[in-house]
1. Exposed loop sites here are GluC sites (Glu not before Pro) in DSSP loop states with at most 15 other C-beta atoms within 10 Å. What is the longest stretch of the chain lacking them?
2. Once you order the gyration tensor axes a ≥ b ≥ c over the Cα atoms, which shape class does segment 14-80 get: rounded for a/c under 1.5, otherwise prolate or oblate by comparing a/b with b/c?
3. Please arrange Y133, Y172, Y88 by accessible surface area, largest first, computed with a 1.4 Å probe and ligands excluded.
4. Within segment 80-184, list the trypsin sites (Lys or Arg not before Pro) lying in a DSSP loop whose Cβ has at most 15 other Cβ atoms in a 10 Å radius.
5. Toward the positive end of the charge dipole of segment 1-125, about the Cα centre and with charges on Cβ (Lys, Arg +1; Asp, Glu -1), which of M1, S75, G112 goes farthest?
6. Cα axis of helix 84-110 to longest principal axis of the chain: angle in degrees, 0 to 90, nearest 10?
7. Which Cys residues of the chain have no other Cys Cβ less than 4.7 Å away and so no disulfide-compatible partner by this rule?
8. Among the listed pairs K26/K128; K72/K114; K12/K179; K50/K149; K26/K182, which are separated by more than 30 Å between their Cα atoms?
Amino acid sequence: MDLLQRAYSAEKAAAFAYQGHAAAVKNTNEKTAISQIELDEWNHRKTVLKIMQQYNVEISKFYEFRFHVIGKIISFSCFVIGWFMPFYFAGRLESGNVCEYFRMMHYFHSLGIKEHDAVLYEMGIKEKEHEVYFLEQIKTNKLLPFFEKVFFWGRTDHANRSFNDVELEHKYSIEDSEKYCKKS
């Protein structure tokens, strides 16, 4: 299943990117938080691999190569593009990743499989927590309004412009989480 293969490899790219991001920031609290997010991404990768193995889904060599290169490029770029852009683009990326796990849940449900609900829910919520963390770091930055207009993510007039419909303050239960991410 392509969705699993892509998620597995994309988690590596994200982890690599966060290695560079954590190394590039000077603030100790930011460094610690970003390093924890990197660990979360490695754990997501392990979890996705277990699901793939259960269904004999092979790792895509193409995705592994592609996302390896992407992750390393992003990691390096964190040292040259300043403080704001790594936070902005990490948040934007995480915003899109939230639905990746809920869509997997939808797919498994279409096959009558619900055994992965808890872990997929947890990973989707964790991605949302990452998105919120990155947005919180930049919410008052003077560059945010410009980037919101160009890249369509952020906080406009204090409303959250997200690529998902998950709200941490008003989460659905695992049983009701099928309602998340129904739009493409």
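1. Numbers: sites that count: E58, E115, E167, E175.
Within the chain, the longest run free of exposed GluC sites (Glu not before Pro) spans 1-57.
2. On the way: a/c = 7.16, a/b = 1.73, b/c = 4.15.
Judged from the Cα gyration tensor, segment 14-80 comes out oblate (a/c at least 1.5, b/c at or above a/b).
3. On the way: Y133 50, Y172 90, Y88 0 Å².
Correct descending sequence by accessible area is Y172, Y133, Y88.
4. Working: sites: R92, R103, K114, K126, K128, K139, K142, K149, R155, R161, K171, K179, K182, K183; in loops: K114, K139, K142, K171, K182, K183.
The qualifying sites are K114, K139, K142, K171, K182, K183.
5. After comparing all options, I get S75.
6. 10
7. Result for the chain is C78, no neighbouring Cys Cβ within the cutoff.
8. On the way: K26/K128 24 Å; K72/K114 35 Å; K12/K179 28 Å; K50/K149 39 Å; K26/K182 39 Å.
Flagged as over cut-off: K72/K114; K50/K149; K26/K182.
The values are calculated or read from the model by the stated rules, or taken from the named source; none is laboratory data. Since the structure is predicted, the reported quantities are computational estimates derived from the model, not experimental observations. No Cβ is skipped: glycine too gets one built from the backbone with ideal geometry, and neighbour counts run over all protein chains shown. Areas reflect the complete protein model, heavy atoms only, side chains present, ligands, DNA and RNA absent. Shrake-Rupley method; radii C 1.70, N 1.55, O 1.52, S 1.80 Å.
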